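Asks: Dumping the structure here so I can ask a few things about it.
The values are calculated or read from the model by the stated rules, or taken from the named source; none is laboratory data. This one's a predicted model, so the numbers in the text were calculated from it and none came from an experiment. Counting neighbours? That spans all protein chains shown, and the Cβs are built from the backbone with ideal geometry, glycine included. All accessible areas refer to the heavy atoms of the entire protein, side chains included, with ligands and DNA or RNA removed. Shrake-Rupley method; radii C 1.70, N 1.55, O 1.52, S 1.80 Å.
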Amino acid sequence: MRIKKILLHELCVPLKHPYILSKEYGIQHHTTPIIAEIHTDCSLVGYGECDPWPLFTGDSQESAMVVLARHLCPQLIGKDPTNIHDIHQVMDATIRGNHISKSAIDMASYDLFGKSVGVPVHQLLGGKRRNKIRCFWSVGGATPESTAEEVLSIKKQGYYGCMIKIGTENYRNDIARTLAAREAAGPDFPLVADANQGWDVETAIAYGRACERADLLYFEQPVQSWDIKGLSRIRRKINIPISADEGVATLQDAVALVAAEAADVFSIKVTKHGGILPAKQICDYAAASGIKLFFNSMIEEGITQSASLAVAATVPNLMTTIGHSFFSPLRLESDICDFHSRVIDGITHITDTPGLGITIDPDALKKYTVGTCCIE
């Protein structure tokens, strides 16, 4: 099998409701993924997705398109997409970093690999350990009253846990929101808090100490991604486990965090890591290092979510005390594939359909496409 051509679709998909994040990220109104559609000489087509987010990853849709269209895709024409290691070697030999852009090619290659041999991607990764994974939801910054109301609503809808977005300029309000959420949800509903790099070490410690009675499962990325020493200091000063998200993009990041004893949990986002192959490498290292895994999302469409689910199906160190972030397409105006149909009553079901196990909705893809490029 050889790659014959690659179609790149630039999308702009509105969110159903604005998403209020940390002061670092502001308010999100839409997501701008790129879909890679790889055509082969044996008529099989594979789909991948990347999810650039300038303030999170340093990639915009425009910059990711340049990397894909001008650098990566031309080098991949004629290559065998089932040789995943070779695909990554070619990409890494073409341009350094740019993990977001590479993730779209990686996912589409795995999709083709699975389809070509008639097995799901999780089988290619060693086989699934579970048939379903609980799903959680997340709420943005607002008042304590509205946060409590949203969290209670999520609990009633059957989701297993909630992430509270904090990290705003008014950290005292974030403390009040967190405590109000715990009071509303009761003691047995899993809660986590994510500051998205919004604070300095001292503010994060103040928040953590004030919220210890909220019994959070973990406190995610309170400081900048590069501040491993700061993250380690916070972990020593508060009695809440620490999760790394923006700070763990590569396997080398994972090694540094473990060496510094800076995290208890890694937040896995397949598009952030550069695709399924590097994400699985990080997961394996985490398992060997006693680190738990939480599968998160980047306001993703269903293709990335299906790739993430394939990896989550296989890992031994998955957090089971909270649901995982497989709800992203449900917060969008529309999913461009049928992934959303797998999330039923707060449970995400793992399919055995070959490849990524998704069916593209051509009408939805056309509706949200704002630009297309063909490389052959």
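Asks: Determine, from the Cβ-Cβ distance of Asn173 and Ser63 and an R0 of 41 Å, the FRET efficiency 1/(1 + (r/R0)^6), rounded to the nearest 0.05.
Replies: Result of the calculation: an efficiency of 0.75.
Asks: Considering Cα pairs under 8 angstrom that are at least six residues apart, work out the relative contact order of the chain and quote it in whole percent.
Replies: Result for the chain is 22 percent.
Asks: Compute the long axis of helix 201-210 from its Cα atoms, compare it with the longest principal axis of the Cα atoms of the chain, and write down the angle in degrees, 0 to 90, nearest 10.
Replies: Here the helix axis deviates by roughly 60 degrees.
Asks: Can you run phi through the Karplus equation (6.51, -1.76, 1.60; θ = phi - 60°) for region 163-176 and list ³J(HN,Hα) in whole Hz, with x for Gly and Pro?
Replies: 9, 9, 7, 10, x, 7, 5, 9, 5, 5, 5, 5, 4, 4
Asks: Just the accessible area per residue of region 259-309, please: how many Å² with a 1.4 Å probe?
Replies: Details: 1060 Å² over 51 residues.
Accessible area per residue, region 259-309: 21 Å².
Asks: Hey, any idea what % of the chain's accessible area is carbon plus sulfur with a 1.4 Å probe?
Replies: Values: 7020 of 14390 Å².
After summing per-atom areas, the C and S share lands at 49 percent.
Asks: Follow-up question, since we're still on this one. For Thr314, which sequence-distant residues (separation of 5 or more, or a different chain) have an amide H within less than 5 Å of its own amide H, given hydrogens modelled in the peptide plane?
Replies: Arg129
Asks: Helix 99-117 against the longest principal axis of the chain: what's the angle in degrees, Cα atoms only, rounded to the nearest 10?
Replies: For 99-117 against the chain, the angle is about 60 degrees.
Asks: A further question follows. Enter the angle in degrees (range 0 to 90, nearest 10) between the Cα long axis of helix 302-312 and the first principal axis of the Cα atoms of the chain, meaning the one along which they spread out most.
Replies: Helix 302-312 sits at roughly 70 degrees to that axis.
Asks: On to the next question. What fraction of the DSSP beta bridges in the chain is antiparallel, stated in percent and rounded to the nearest 5?
Replies: Taking every DSSP beta bridge with both residues in the chain, the antiparallel ones total about 60 percent.
Asks: Expressed as a rounded percentage, what relative contact order does region 37-146 have, with Cα pairs under 8 Å and six or more residues apart?
Replies: 31
Asks: Another question about this same structure. I need the calculated FRET efficiency for the pair Thr372 and Ala256, taking r as the beta carbon distance and R₀ as 35 Å, to the nearest 0.05.
Replies: Given R0 = 35 Å and the Cβ-Cβ separation, E is 0.35.
Asks: Subtracting the Cα-Cα distance from 0.36 nm times the residue separation, let me have the gained length for Val45 to Lys4 in nm, one decimal.
Replies: Roughly 13.8 nm would be gained on extension.
Asks: Keeping every protein chain present and rolling a 1.4 Å probe, give me the accessible area per residue for region 94-228 in Å².
Replies: 40
Asks: Now for a separate question. Calculated from DSSP H runs of 4 or more alone, at -39500 (n - 2.57) each and per residue, what is the 222 nm mean residue ellipticity of the chain, nearest 500?
Replies: Details: 15 runs with 140 residues, N = 376.
Result for the chain: -10500 deg cm²/dmol, rounded to the nearest 500.
Asks: Just the number, please: percent antiparallel of the DSSP beta bridges in region 10-115, rounded to the nearest 5. All intermediate terms of the calculation are to be shown ahead of the outcome.
Replies: Working: 11 of 11 bridges.
Looking only at bridges with both residues in region 10-115, the antiparallel portion is about 100 percent.
Asks: Based on the mean of other Cβ atoms within 10 Å per residue, sort peptides 267-275, 31-39 so the most packed one is first. Intermediate results must be reported in sequence, preceding the final value.
Replies: Working: 267-275: 28.3, 31-39: 23.8.
With the highest mean Cβ count within 10 Å placed first, the list reads 267-275, 31-39.
Asks: Also: What spacing in nm lies between the two simple spin-label points modelled at Glu212 and Arg331, each 7 Å away from Cα in the Cβ direction?
Replies: That separation, rounded to one decimal, is 3.0 nm.
Asks: Another one. When the scattering of the chain is computed by the Debye formula from its Cα atoms alone, each counted once and equally, what is log10 I(q)/I(0) at q = 0.15 Å⁻¹?
Replies: For the requested q values the scattering log ratios are -1.33.
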